[in-house]
1. For a quick check of your reading of the filter: which trypsin sites (Lys or Arg not before Pro) in region 453-562 sit in a DSSP loop and have no more than 11 other Cβ atoms within 10 Å?
2. Over region 255-355, what is the mean sequence separation of C-alpha contacts under 8 Å (at least six apart), divided by residue count, expressed as relative contact order in percent?
3. For region 180-224, what is the largest minus smallest coordinate of the Cα atoms on each principal axis, given in angstrom and ordered from greatest to least?
4. Leaving out ligands, DNA and RNA, what percent of the accessible area of region 493-614 is carbon and sulfur, probe 1.4 Å?
5. How large is the Kirkwood hydrodynamic radius of region 601-728, counting all unique pairs of alpha carbons, in Å?
6. Skip the ligands, DNA and RNA, and give the accessible area per residue of the chain with a 1.4 Å probe, whole Å².
7. Expressed as a rounded percentage, what relative contact order does region 636-751 have, with Cα pairs under 8 Å and six or more residues apart?
8. By per-residue mean of other Cβ atoms within 10 Å, what is the highest-first order of 758-768, 622-632?
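The values are calculated or read from the model by the stated rules, or taken from the named source; none is laboratory data. Being a predicted model, the structure only gives us computed values, none of them experimental. When we count neighbours, we look across all protein chains shown, and the Cβ atoms used for this are built from the backbone with ideal geometry, even at glycine. Side chains are part of the model used for accessible areas, which takes the heavy atoms of the whole protein and leaves out ligands, DNA and RNA. Shrake-Rupley method; radii C 1.70, N 1.55, O 1.52, S 1.80 Å.
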Amino acid sequence: MKIREIFDTMDYGPAPESADEALAWIKQHGGQFGHYINGAFTKPGKGFDSANPATGVRLAGITEATQKDVDSAVSAARKAQPGWAGLGGPGRARFMYALARLLQKHARLFSVLETLDNGKPIRESRDLDIPLAQRHFYYHAGMAQIMDEALPGREALGVCGQIVPWNFPLLMLAWKIAPALATGNTVVLKPAEYTSLTALLFADICSQAGLPPGVVNIVTGDGTVGEMIVASEVDKIAFTGSTEVGRQIRRATAGSGKALTLELGGKSPYIVFDDADIDSAIEGLVDAIWFNQGQVCCAGSRLLLHEPIAEDFLTRLKARMAKLRLGDPLDKCIDVGAIVDPVQLERIREMVEGAGGSCFQPDLALPAQGCFYPPTLITGLAPSDPLMQEEIFGPVLVSCTFRTPDEAVALANNTRYGLAATVWSENVNLCLDIAPKLAAGVVWVNATNLFDAAAGFGGVRESGFGREGGWEGLSAYTRPVGKSAKLAPIKAHGGAGAAADPVDRTAKMYIGGKQARPDSGYSIAVHGPKGQLLGHVGQGSRKDIRNAVEAARGAGGWARSTGHLRAQILYYTAENLSARSDEFANRLNAMSGARTGRKEVDAAIDRLFTFAAWADKVDGQARGVPIRGVALAMREPVGVIGALCPDEAPLLGAVTIMGAALAMGNRVVLAAPKVSPLALTDFYQVLDTSDVPAGCVNIVTGTHADLAGPLAKHLDVDAVWSFSSSDLSGAIEAESALNLKRTWVNNGQTRDWYAQDSREWLDQATEVKTVWIPYGE
Ligand code: NAI
């Protein structure tokens, strides 16, 4: 194009970035890569090619890991871990700082390589992926430095298996590796098969930084290699990818005791009210859905438009879409690059073809070769349409309208996902009224797709669990210091003795604030250690669980009540338990045959006071982020928690579970301790007299093995906790995969019920929602 023609059209001229350096780096490695294990590259083996999706040209050969490779990576990591943790926070910080510096020094090489391998515009890899990866290492170098002081009593998990996707290859690697190393873990990471190159360049950098061998290990390959890592002797799996694979990993790790965090898919709403700054909202939308060709887990892929502005907004949006520049990702003027692989391109085509509604694609010239798909807008779909529900993972926006803020929230939450949401309105009152109502782990107000190492990122519902970034992301790579012991099996007492008291006392269940008979019509006898009959409890079943969950779901007002009110009610509960402490102590002694009832009741009263005290003190935080604004880390209740109560401390255990959950605004369905259920069935009278709203606490009796399955499978239960002395952890975790509810299980280990460990309980009872708001200059 001549200068004169440029002046005539006022079009952008091409501004290509050179690929020479990146190609030279590949050549230096002979165009074939092995794995990076124990501080060195292995000899390349059988594998597959990595190609540039914009041209189809082969870039390099990648080795598919064998079981032996995975085993040797895991054992290198295992061997290196004590030494790495033993360096102490400041010792590790030095290496992490060096990694950050090296990432910065080779920033352009990383950006070009990422764009070549993934197809994303160089503008994005250069201005976002690589700087954010550096920021992650700098931030976590700082975390390592101050960790001993800031996270006392926590230690590394050990070896972490990490599996990342292809949409942000280096950035996802940084999100996984930086917090793991900062806290003293060592890692075995697998990049996605389409995009292994920047992970291998990162391996080079680890060697340059002099990182001790075995601290970082990179193995390449497809999902089969991922499965091998999941099955290997690691202490944690951290996964980012599709919800389906996340579910498989949940099942595969069930009962193994491995920690797990899952960052999965989304169908995030992008809500625009009629008083929004429309032009800004449209620019935001370009970032929300055409950034990285829409291959973003938190892409604002569902546009919800306030009806009064819908027509105008869509007209302006179409005009903007026609101006997007699509083409060679290495050209610095390009907005939309290539789709990562022909497989993904085909997947997008299939989903859009035959879709209902009306489909708009601007008249953009697509390059003759390579994986390109035009920016697409589909309007006029019903909320239930598969395209409104399923993740497309491409540059395809679907849209519908709403009339009222309530309708916007209902539509936004009408999805099985819960990763992110965006709200645009010049009325900040409205935005901040909507933000807490959205089922999402991240909410952006008048902005979109903002990320930072200091701000937690992650989802609720089927978008997975766990956070990356911030304190919450860091602590997910640690555990409390100290070892727990194996839980000895505890058996119910048998017997044939008569009741000491001739007045029959059949303890009922407690559902929705009322006493309830078991649906089964069966009862179980409860005996003392000498065989004496102490009473009967109902044989609970799936239907009782269903009723209890319905009641808990109906008590949603509790989640919106103030911490002050919840504190008052918990204090009152403690007061009422105290008034009947003799009766409870005697009951505990009768069931156990020990004389520890008094001690346990006193501890239970104290526990209620403690959680009452915490109820209005678990503050959120305002995180300083290097972007105009702050990221609020708000603690929200998890929702409906189903819990199997422990037998070791039947009253104290149940009260601890209930106290922590209620203090944070959750509702609970408690499966009473199986050996000493009467400790809890007596408790409903305390609840009744303490103003605990109906449905907040529900108590079901019966065999834990009968109750665990219905709780773990129930789609309206958000979390299951198990402290049962029956070995149910594996079954619960496997069944929780259905809706990816959170689980917290004992894996057959005891805990010290008398310990002062409120923080852990309060963390388990809350989710962090990150709300990005404009603030300051
Ligand atoms: P995927 O979930 O299959 O791949 C992600 C990573 O998991 C890759 O490293 C892959 O090798 C590995 N993997 C695959 N199967 C595995 C298994 N059974 N066990 C352990 N690791 C396994 O995603 P894929 O197939 O590349 O893309 C399919 C769809 O997934 C996309 O169209 C998109 O909807 C969604 N996706 C979502 C992502 C997100 O960030 N939420 C990222 C990538 C894909």
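1. On the way: sites: 461, 467, 483, 486, 491, 505, 508, 514, 530, 542, 543, 546, 553, 560; in loops: 467, 483, 491, 505, 508, 530.
Passing sites in region 453-562 are 483, 491, 530.
2. Working: 91 pairs, mean separation 25.5, N = 101.
So the answer I get is 25 percent.
3. 27, 20, 14
4. On the way: 3210 of 6260 Å².
Ligands and nucleic acids excluded, carbon and sulfur give 51 percent.
5. Details: mean 1/r = 0.0634 Å⁻¹.
It is 15.8 Å.
6. Heavy-atom accessible area per residue stands at 38 Å².
7. On the way: 201 pairs, mean separation 33.6, N = 116.
For region 636-751, the relative contact order is 29 percent.
8. Numbers: 758-768: 20.4, 622-632: 17.2.
Top of the packing list down: 758-768, 622-632.
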